[in-house]
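The values are calculated or read from the model by the stated rules, or taken from the named source; none is laboratory data. Model, not experiment: these values are computed from the prediction. We place every Cβ from the backbone using ideal geometry, glycine too, and count neighbours over all the protein chains shown.
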């Protein structure tokens, strides 16, 4: 590959990595909170000097972008997966509680009869009832970034 072709390849690769990182940065707010999203965006913007470096020294630029991508992409992709798993479990719990209401006429006081598909999620979710309604509260890594489902109002989110 000639030097000019390699420069074009380097620029396209860095643009692809930066675009993917930027898409994942949006979800960082929901998985880690506002502070971590700010840090993530700073690291995403670090691609701009790397892009300029790639025009001058394409090999160094590609390796630097690759290292930054290896740092950011797997971490946030795994956080998005964890977020989805917790949310799916909460949906199953909502179905369980609603089914209990249909069967017995009232919401269960506890989730003793519910079997978690992923046992690690049990420590991330709390459940309570009051006045003929129920509420789930759940979080991922930090209780300061929390989610909830209330039978009367639906889903909600509170950032850190």
Number of the condition not met by residue 75 [criteria: (1) surrounded by 14 or more Cβ atoms within 10 Å (Cβ to Cβ); (2) out of contact with any strand residue (DSSP E or B) (no Cβ under 7 Å at 6 or more places or on another chain); (3) in the same structural domain as residue 126 (by TED's automatic domain parsing)]: (3)
Just checking, how many residues over region 90-112 are over 17 Å from residue 154 (Cβ atoms) and assigned to a helix (DSSP H, G or I)? 6
For region 115-137 the number of residues that are touching a strand residue (DSSP E or B) at 6+ places or on another chain (Cβ under 9 Å) and either in a loop (DSSP other than H, G, I, E, B) or not assigned by TED's automatic domain parsing to the domain that holds residue 150 (or both) is 1
Scanning region 131-152 for residues that are at pLDDT below 90 and over 18 Å from residue 86 (Cα atoms) gives 131, 132
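Condition first: within 18 Å of the chain's Cα centre (by Cα) and within 17 Å of residue 142 (Cβ to Cβ). Can you find one or more residues in region 52-73 that meet it?
Residues of region 52-73 within 18 Å of the chain's Cα centre (by Cα): 69-73.
Still in the list and also within 17 Å of residue 142 (Cβ to Cβ): none.
Scanning region 52-73, I find no residue that is within 18 Å of the chain's Cα centre (by Cα) and within 17 Å of residue 142 (Cβ to Cβ), so the answer is no.
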Condition first: surrounded by fewer than 12 Cβ atoms within 10 Å (Cβ to Cβ) and within 19 Å of the chain's Cα centre (by Cα). Now tell me which residues in region 123-142 satisfy that. 123
Filter region 14-40 for residues that are buried (at least 16 other Cβ atoms within 10 Å of the Cβ) and free of Cβ contacts under 8 Å to residues at least 24 places away in the same chain and give the result. 36, 37
